[in-house]
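S.K.: Take a look at the following structure, please.
Here, each number is a calculation from the coordinates, and none is a lab measurement. A quick note: this is a predicted structure, and the numbers were derived from the prediction, not measured. All Cβ positions, glycine included, derive from the backbone under ideal geometry; neighbour counts span all protein chains shown.
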Amino acid sequence: MRAPILSPATLLLHGRLALGRAGWSTIIAWALLLGGTCACVGGLPYLRVMVAQRQADLDLAATRVARAAHAPAPPAPPPPLAQRNLQAFYDALGDVRYAEQDLAVLFDEAARQGLTLVQGDYKLAYDKAGLFYTYVLQLPVTGRYAAIRDFSRQMLVSVPYLALDEISIKRQAVGDASVEARLRLTLYLDGPADYLAAPSGVASPDKGHAP
């Protein structure tokens, strides 16, 4: 037996009756559920891409943190130039305990150059602001001009903490081979503030003359 063929009007009537029995709220709920399901299914690949990107960002951040933790600390900046120069000055100071040895070097060099050191003045002082000693030597010297020049140059090389503050030269006559000079030298020395250095004052004759 063949099923009866329903006309479009009959189908529309059956649809209206079904909607009436189910209710519009049920239809809307099913429509929303179906739409949400389609949206989730359609957006799932995009969500997967976003999750993967976030995970990659987290991995990169963790790698950078690990590298920073194991990276060596940057070198400390060098001290200012003035501080470095001051430290170099202190490093170059002589030792006040061996001031007499420095004088012996001076007298030996004068003798080697054939110079005569007349009795001189010696003054040891402590610089409280700079925390170092100054040993000032006033030395009258007699000899050839070239010998005095070589003596001064060699002393500055042999004793690096020695300074030639002043030199004055006088010739008694035009034809004299020897000249009279007066040297003002300063030894810069390190040592405790309460150190009682010797010799001081006027040099004794045996130390005031070079053989």
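S.K.: Using a Förster distance of 45 angstrom, determine the FRET efficiency expected from the C-beta separation of ALA73 and ARG97, and round it to 0.05.
M.R.: That pair, ALA73 with ARG97, gives E of 0.65.
S.K.: Also, I was wondering about something else. Provide TYR161, TYR195 in ascending order of the number of other Cβ atoms located within 10 Å of each residue's Cβ, fewest first.
M.R.: By the 10 Å Cβ count, ascending, the order reads TYR195, TYR161.
S.K.: Please get the size of the charge dipole for the range 90-190, origin at its Cα centre, with Cβ charges of +1 on Lys and Arg and -1 on Asp and Glu, quoted in debye to the nearest 20.
M.R.: 380 debye
S.K.: Quick check: net charge around LEU162, other residues with Cβ under 12 Å of its Cβ, Lys/Arg +1 and Asp/Glu -1?
M.R.: It works out to a net charge of -1.
S.K.: Next question, about the same structure. Compute the distance in nm between two label points, each set 7 Å from the Cα along the Cα-to-Cβ direction, one at VAL49 and one at LEU81.
M.R.: Simple spin-label model gives 5.9 nm for this pair.
S.K.: Express in nm, to one decimal, how much length is gained between ARG149 and ALA111 on full extension, taking 0.36 nm for each residue of separation and deducting their alpha carbon distance.
M.R.: Net length gain for the segment: 12.3 nm.
S.K.: When Lys and Arg each count +1 and Asp and Glu each count -1, what net charge do the other residues less than 14 Å away from ALA181, Cβ to Cβ, add up to?
M.R.: +2
S.K.: Just to confirm the filter: which trypsin sites (Lys or Arg not before Pro) across the range 141-192 are DSSP coil and have at most 15 other Cβ within 10 angstrom of their Cβ?
M.R.: Sparse-neighbourhood loop trypsin sites (Lys or Arg not before Pro): ARG171.
S.K.: Continuing with the same structure: Relative to the present Cα-Cα distance, how much length would full extension add between ILE167 and THR63 at 0.36 nm per residue of separation?
M.R.: 30.5 nm
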